[in-house]
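This report concerns only the one structure given below.
The values are calculated or read from the model by the stated rules, or taken from the named source; none is laboratory data. The shown structure was predicted, so the numbers you read here are calculated from the model rather than taken from an experiment. Glycine gets a Cβ as well: all are built from the backbone with ideal geometry, and neighbour counts include every protein chain shown. Ligands, DNA and RNA are excluded from the accessible area calculation, which covers all protein heavy atoms including side chains. Shrake-Rupley method; radii C 1.70, N 1.55, O 1.52, S 1.80 Å.
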Amino acid sequence: MASFADHIGPTPDASETRGRAGTLKTALLRAVLSLVGTAFAATLLAVAVEALARGSGRAAFDFFAGLHRPAWTTAFVLAMSIVAIDAALGRRYRSLFLLAPPLLALAWIGSQKAVYLGDPLYPADFLYYRQIVELMPLLARDRPLTIVAMIAATLGGLALLVYGWRLAARHCGRNGLGARVARLAIALPVLAFFVSIMDYRAFSWTRDRLDVIPRMWDQKDNYASNGFVLAFALNLPMATVAAPSGYSAEAIERIASQDGTVPVATGERPDVVVVMSESFWDPARLPGVTITPDPIPTARALRSGEVFSPEFGGMTANVEFEALTGFSNAFLPYGSIPYQQYVRTRIPSLATFFRDQGYATTALHPFQGWFWNRSVVYDAFGFERFLSEENLPPLEKRGPLASDAAMTEEIIRRADEEQKPVFIFAVSLQGHGPYEPDRYKDATYAVSAPGLKHRARESVLSFSEGAADADKGLARLVEWAKGRERPTVIAFFGDHLPPLGEAYVQSGYMKEPVASRRAPLEQMKAEHETPLVIWSNRSGPRSDVGTISPAFLPLEVLEAAGMEHPYYTGFLREVRDRFPVVDRHLLIDEAGQAQPDWARGDEVDPAVRDFRLLQYDVMFGDRHAIGRFFPEGEGSPDVALAR
């Protein structure tokens, strides 16, 4: 007779039970060790990224030491990324060879941008990677050891990466199919959720609880508070611009406009030449620095006022955008580059206005046409012709770049050849940094600066030589225009302060090598003002313009030309009379008083509110304002602004 044991089958012995328990413990231990290893690797990577981005290991330690939630959120996101990539590759920790190099490289690039330009690294910066590549020969000429070090570091890094990848293939354990599926099932939804809450324009309860607060109005604070990885991610949505509160057809209709356009009050249309001079500034403003002879006597004698540049040391295209359109960077996402991101269709500018009035409209810049996307942008702005390095005759160089003197003669030749009145917008190149010692072998100026070290003093000398050449170009234009019968208006201004680095600090002019974005009014003016000259061969220089944003240059130019326009002289005049400076971080009113952090207030002044509404409507909205504020194109289909 069969026993009960025969019916239920063999009973596992104790050794088999212990074997299964041991296997389970081993698997559990491996899982725990893998989890701990992943957490440690992610934290180490997050700390390394912050140390590079902040330029200080101590700053990175402080960021993590206080259990700062964005810091550990970064580590958690990196850990989930490691888990997901490891699962996809099938081996533990191999993801680090794909994740760490680009993150560390971005952090280092961000730290270098902060040193030289004062701003963090934004996703939009990679839209102009070609500009950086094209400027490498100039850097190689002035700083050959830097280039050699960069090449050596790149080759060494790639060699280490290949070696590490092969080493990981031999020593990193494999993940089974079940483990890989489980890891992906956990990591991918978590990462997708984090992606969904990184749009700074939408409120997120989770993001708020994690203390990841988008500070888009102050990107330095944004990167300092949220860390490099999260702040960089928060800037990704800036490709689109949200409509300002209250935007509608009715809101645009309520904005008053001046109807009609009177081309020239005297009945004769003047030629108009606008020169945006690269980094043009008065180096005599540096305390304790004496330059002999005076490098900018013409600009000093004819000075009409100052331009309050929204940039420092670079980002020329953003200043140019304001000067040509009468729109403001203050209403665009911090760190954006409208030339690269937002000029996608015909946009009204001084060129469309002048072309509609029968002018020959020419843009001139003695560098390659793709730089800052100018070929596309100038066409969208209505210029008939863009003269760049590709279609200009070879221009004489002064130092490594096309000279201001050669560019000035080209402006004069083009204007004299034209039968129609001309509008020429020229962007110089010679004054571009870096300002290395002995840039000009035939220097004719002397710099006395007891407080500056040798390299800083020589940098000031190189810059001063270039500024003097720019000033001589202005003098040549004025001399030429004085001898003309045709009325001629000349506008000349610097786009931003030059990147003189330690010369600012050693002279005591600035506390840091780069300008502040938020500071007391006098400091902001010192770090952002450049000379402005508006001159006519009929009435001489305009005076008492004061300090204005580049967006008000169209107003000043058309007033000097005796011309009227519903937007450029009508609407902009009303805004300028209220706020001559409209900057992202402060307004300066007609009494010279500052209103800092105006964009964060509950209420915005009606003039600024309408300014923002009109700009959004024309650039991104339904263009309700085109007919009333920009009537160009009604008689000239070539410049018609499609609605």
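Values computed for the structure shown
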| item | result |
| --- | --- |
| Count of the stretch 441-481 residues which are among the charged types (D, E, K, R) and touching a Ser or Thr at 6+ places or on another chain (Cβ under 9 Å) | 6 |
| Tally of residues being open to solvent by less than 40 Å² (accessible area, probe 1.4 Å) and free of Cβ contacts under 8 Å to residues at least 60 places away in the same chain across the stretch 84-111 | 4 |
| Some residue of the stretch 442-450 being under 30 Å from residue 373 (Cβ atoms) and within 33 Å of the chain's Cα centre (by Cα) | no |
| Meets criteria (in contact (Cβ under 8 Å) with a residue 40 or more places away in the chain, over 19 Å from residue 429 (Cα atoms) and touching a Lys or Arg at 6+ places or on another chain (Cβ under 7 Å)) for residue 342 | no |
| Residue within the stretch 337-350 that is assigned to a helix (DSSP H, G or I), at pLDDT below 95, surrounded by 21 or more Cβ atoms within 10 Å (Cβ to Cβ) and of a type in the set (Ser, Thr, Tyr) present | yes |
| Some residue of the stretch 167-179 being open to solvent by 80 Å² or more (accessible area, probe 1.4 Å), modelled with pLDDT of 85 or more, more than 25 Å from residue 108 (Cα to Cα) and not β-branched (Val, Ile, Thr) | no |
| Pairs with Cβ under 8 Å, 6+ apart, first in the stretch 301-315 and over 18 Å from residue 579 (Cα atoms), second open to solvent by 20 Å² or more (accessible area, probe 1.4 Å) and among the aromatic types (Phe, Trp, Tyr) | 313/116; 314/116 |
| Residue list for the stretch 358-391, filter: surrounded by fewer than 21 Cβ atoms within 10 Å (Cβ to Cβ), part of a loop (DSSP other than H, G, I, E, B) and either of a type in the set (S, T, N, Q) or at positive phi (or both) | 358, 368, 388, 391 |
| Scope the stretch 488-509; condition crowded, with 22+ Cβ neighbours inside 10 Å, not in a helix (DSSP H, G or I) and not aromatic (Phe, Trp, Tyr); matching residues | 488, 489, 490, 491, 494, 495, 496, 497, 498, 499, 500 |
| Given (1) buried (at least 22 other Cβ atoms within 10 Å of the Cβ); (2) modelled with pLDDT under 95, number of the condition residue 485 does not satisfy | (1) |
| Every pair of residues 6+ apart whose Cβ atoms lie under 7 Å, when the first sits in the stretch 376-401 and is closer than 24 Å to residue 432 by Cα and at pLDDT below 90 while the second is among the polar types (S, T, N, Q) and assigned to a helix (DSSP H, G or I) | none |
